[in-house]
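Input: a single structure, listed below in structure tokens.
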Amino acid sequence: MTQKILLTGGAGYIGAHTFVALHEAGYYPVILDNFANADQDTPARLAQLTGRKVDCHDCDLMDKAALDAVFEEHDFEAVIHFAALKAVGESVAKPQMYFDNNTGGLINLMGAMEKHDVKRIVFSSSATVYGDAEQQPIPETAPLGATNPYGLTKLMGEMMLNQMQVAHPDWTIGILRYFNPAGVHTSGLLYQSPKSGNNPPENLMPRLLEVAVGTRPHLMVFGSDYDTPDGTGVRDYIHISDLCRGHVLSLDALIRTNESHTVNLGTGTGYSVLDMIREFAKACGREVPFEMADRRPGDVGTCYADVTLAREVLGFEAELGLAEMCIDSWRESGQADPTT
Ligand SMILES: NC(=O)c1ccc[n+]([C@@H]2O[C@H](COP(=O)([O-])OP(=O)(O)OC[C@H]3O[C@@H](n4cnc5c(N)ncnc54)[C@H](O)[C@@H]3O)[C@@H](O)[C@H]2O)c1
């Protein structure tokens with residue numbers, strides 16, 4: 001029988017892309033999202049892409065009764081928990097909102113799983129749990145910490161799930177620490193940032209796109225005095241298709257082995273913001289103006305993954321590079337030459 005997988009935050013950037021990857025892998029993903037940071041027509045676009053009906057519940061994780069009703073309606077094999085607020089700067093300004101939504105949302109979700117006897121969960125964690133790591137590339141055994149409230153919600157999420165597993169040894173948990181997801185599905189039907197809504201994108205790629213199409217005059221590069229080769233922040237950008245494949249492999253591994261894992265999902269290579277600007281300019285064939293600005297609170301200088309464990313535990317290896325991420329993102333603008 002096809003296994004039903006609940007995707008909280010499934011209408012968002014990574015959730016929607018993972019929906020497609022799970023569908024292609026033979027799972028039956030079901031979306032739960034409150035559309036706080038997603039377009040309402042995402043389920044329709046997913047239906048167009050996959051050629052199947054899309055079960056989507058417009059539901060807030062903070063609404064326990066509505067959450068319970070979703071679990072009543074379906075027999076889930078596992079949950080992939082994407083739903084969260086994710087803007088670091090906003091979290092510094094509004095920590096309470098992040099604690100409520102991200103930590104409170106996970107608490108409610110774990111309660112629903114416990115009540116309905118769902119024992120597997122994949123959790124969207126982040127390299128931010130390494131804080132300002134000294135060791136590069138960063139192995140999963142590096143000391144953990146948080147430099148901002150958003151990061152703290154990820155760290156708390158991991159710790160709460162690990163404690164649930166102590167209490168319920170038959171739970172299996174996949175904690176995936178993403179580095180920097182970038183790029184979009186080659187169809188151009190899925191976006192990195194919602195087309196509607198009030199939240200300006202904080203991630204580098206959507207901002208590059210805005211500058212390239214002229215809706216933003218220039219890119220602000222936050223921090224030019226980091227201890228990196230060109231002074232700008234160095235990150236491990238991972239193509240969304242690789243990242244989503246990592247989720248399918250994580251889920252497969254939980255089901256196959258009944259063992260939990262905590263792994264980095266990255267490429268193992270770091271690129272600076274200026275490297276990214278150059279690559280994006282090449283992809284879109286136009287200049288990308290930028291200005292240097294002060295560091296943002298909560299940001300770190302360098303962060304890239306040790307990918308050994310992901311290879312050993314999941315058989316995961318990133319296949320796509322910076323060029324593909326930039327070309328696919330540029331296609332999202334609708335201005336790319338369709339022959340390229
Ligand atoms: N994109 C990144 O760079 C990145 C990096 C590391 C980790 N992550 C984590 O990955 C996950 C997915 O990120 P994304 O980039 O797809 O973000 P996103 O904002 O595109 O998707 C998150 C989705 O969760 C939904 N949501 C938020 N709060 C909710 C609630 N209370 N109830 C129901 N739905 C809710 C939003 O509407 C949105 O559709 C998040 O947990 C994020 O913290 C993202």
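Computed values, structure above
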{"read-out": "Integer Hz, Karplus 6.51/-1.76/1.60 couplings in order for region 243-253, x for Gly and Pro", "value": "4, 5, 4, x, 5, 5, 5, 5, 4, 3, 5"}
{"read-out": "Spatially proximal aspartates and glutamates relative to Lys154 (Cα-Cα < 17 Å; intrachain offsets below 8 disregarded)", "value": "Glu90, Asp100, Asp132, Glu140, Asp299"}
{"read-out": "Amide H within-cut-off set for His57, under 5 Å, with H built and near neighbours excluded", "value": "Ile31, Leu32, Asp33"}
{"read-out": "Cα centroid separation, region 108-150 to region 287-302 (Å)", "value": "25"}
{"read-out": "Contour excess over end-to-end distance, with Cα ends at Asp68 and Ile255 and 0.36 nm allotted per residue", "value": "65.0 nm"}
{"read-out": "Heavy-atom surface of region 1-46, accessible at 1.4 Å and reported per residue (Å²)", "value": "32"}
{"read-out": "Whole-percent carbon and sulfur share, accessible surface of region 59-189, 1.4 Å", "value": "53"}
{"read-out": "In Hz, Karplus ³J(HN,Hα) per residue of region 84-96 (6.51, -1.76, 1.60; θ = phi - 60°; x = Gly, Pro)", "value": "5, 8, 9, 8, 4, x, 4, 5, 5, 7, 10, x, 4"}
{"read-out": "For Ala78, residues with placed amide H under 5 Å, excluding near neighbours", "value": "Leu6"}
{"read-out": "Residue-count net charge about Val221 - beta-carbon cut-off 15 Å; Lys, Arg +1, Asp, Glu -1", "value": "-4"}
{"read-out": "Backbone HN-Hα couplings from phi across region 306-313 [Karplus 6.51/-1.76/1.60, Hz, Gly and Pro as x]", "value": "7, 9, 4, 5, 4, 5, 5, 8"}
{"read-out": "Under-5 Å amide H pairs with Asn264, H placed in peptide plane, nonlocal only", "value": "Arg177, Ala310"}
{"read-out": "DSSP-defined antiparallel bridges as percent of all bridges, the chain, nearest 5", "value": "5"}
{"read-out": "Cα gyration tensor shape of region 1-70, rounded if a/c is under 1.5, else prolate or oblate by comparing a/b with b/c", "value": "oblate"}
{"read-out": "Considering only region 1-122, percent of DSSP beta bridges that pair antiparallel, nearest 5", "value": "0"}
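The values are calculated or read from the model by the stated rules, or taken from the named source; none is laboratory data. What you see is a predicted model, and the numbers here were worked out from it, not measured in a lab. Note: ideal-geometry Cβ built from the backbone for every residue, glycine included; neighbour counts use all protein chains shown. The protein model used for the area step is the full one, side chains on, heavy atoms only, and it has no ligands, DNA or RNA in it. Shrake-Rupley method; radii C 1.70, N 1.55, O 1.52, S 1.80 Å.
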